[in-house]
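Colleague: So that we are looking at the same thing, I have put the structure below in structure tokens.
The values are calculated or read from the model by the stated rules, or taken from the named source; none is laboratory data. All of these numbers come straight from a predicted model, not from anything done at the bench. Note that we place each Cβ from the backbone using ideal geometry, even for glycine, and neighbour counts take in every protein chain shown. For the accessible areas, the whole protein counts, side chains as well, though only heavy atoms, and no ligand, DNA or RNA atoms are used. Shrake-Rupley method; radii C 1.70, N 1.55, O 1.52, S 1.80 Å.
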Amino acid sequence: GRLRKIVFSDPVELQLLNRLLAPHITCGIFWKISKLWLKGCKVIILDIPLLFEAKMDQWTDPVIVVWVDPKTQIERLVSRDGCSEEQAQNRIDTQLALDWKKSQADMVVNNSGSLDDTKEQLQEVLKQVSGDLTWKERLRSRDDLVSIVLCTTIGVLLAHKNLLG
Ligand SMILES: *[C@@H]1O[C@H](CO)[C@@H](O)[C@H](O)[C@H]1NC(C)=O
């Protein structure tokens, strides 16, 4: 929350801050993810504006980019923060280009239209990511890890019994 209020004018400043903070932020997020995973969550959605800048995209799958056309992006920044168009542009320039992020995304939500429009697309994305998991994803989710461990344990117990009997 508090971090969001800092405005950077210089990309070098932002890079430095990322280098200093990324390990701590990442550590906190991993702790939260571990707790959710232990609870048995199959899908965990991370809302990280600087996912690519912090190089965290290597840990997440799929990557969903909420994209907006540049003109609308500036208009919204100006009306939200009351800054000038130039300040808005400067702030955008400190981040990796949204079009590049879009090209790296597994799924894209086009946020250029109305809020309802975006919500509708988000519902669709949620449906897709929480649908049937592939066997690889299932292996990584906790429920099935437990059942694999259980199967192995039972298997070992049975083998023991056979050897003894
Ligand atoms: C994004 O949505 C806007 C508004 O609905 C539309 O005009 C535009 O063509 C869309 N752009 C892309 C790249 O899908």
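Colleague: Can you give the direction-averaged projected area of the convex hull of the alpha-carbon atoms in the stretch 11-131, in nm²?
Modeller: Numbers: hull surface 33.9 nm².
Dividing the Cα hull surface by four gives the mean projection, 8.5 nm².
Colleague: For a quick check of understanding: with a 1.4 angstrom probe and all protein chains in place, what accessible area in square angstrom does ASP117 have, to the nearest ten?
Modeller: It works out to around 70 Å².
Colleague: Describe numerically, in nm with one decimal, the distance between label points set 7 Å from Cα along Cα→Cβ at VAL43 and at GLN89.
Modeller: If labels sit at VAL43 and GLN89, their model points lie 3.9 nm apart.
Colleague: Mind ranking ASP47, ASP106 by accessible surface for me, highest first, 1.4 Å probe?
Modeller: Values: ASP47 140, ASP106 90 Å².
Result, largest first: ASP47, ASP106.
Colleague: Along Cα→Cβ, 7 Å out, is where each label goes; now give me the distance between the ones at LEU36 and THR72 in nm to one decimal.
Modeller: In this crude label model, LEU36 to THR72 measures out at 2.6 nm.
Colleague: Accessible area per residue for the stretch 38-138 in Å², computed with a 1.4 Å probe and the full protein assembly in place, what is it?
Modeller: Numbers: 7090 Å² over 101 residues.
On a per-residue basis, 70 Å².
Colleague: Rounded to the nearest 10 Å², what accessible area does LYS42 show when all protein chains are kept and the probe is 1.4 Å?
Modeller: 100 Å²
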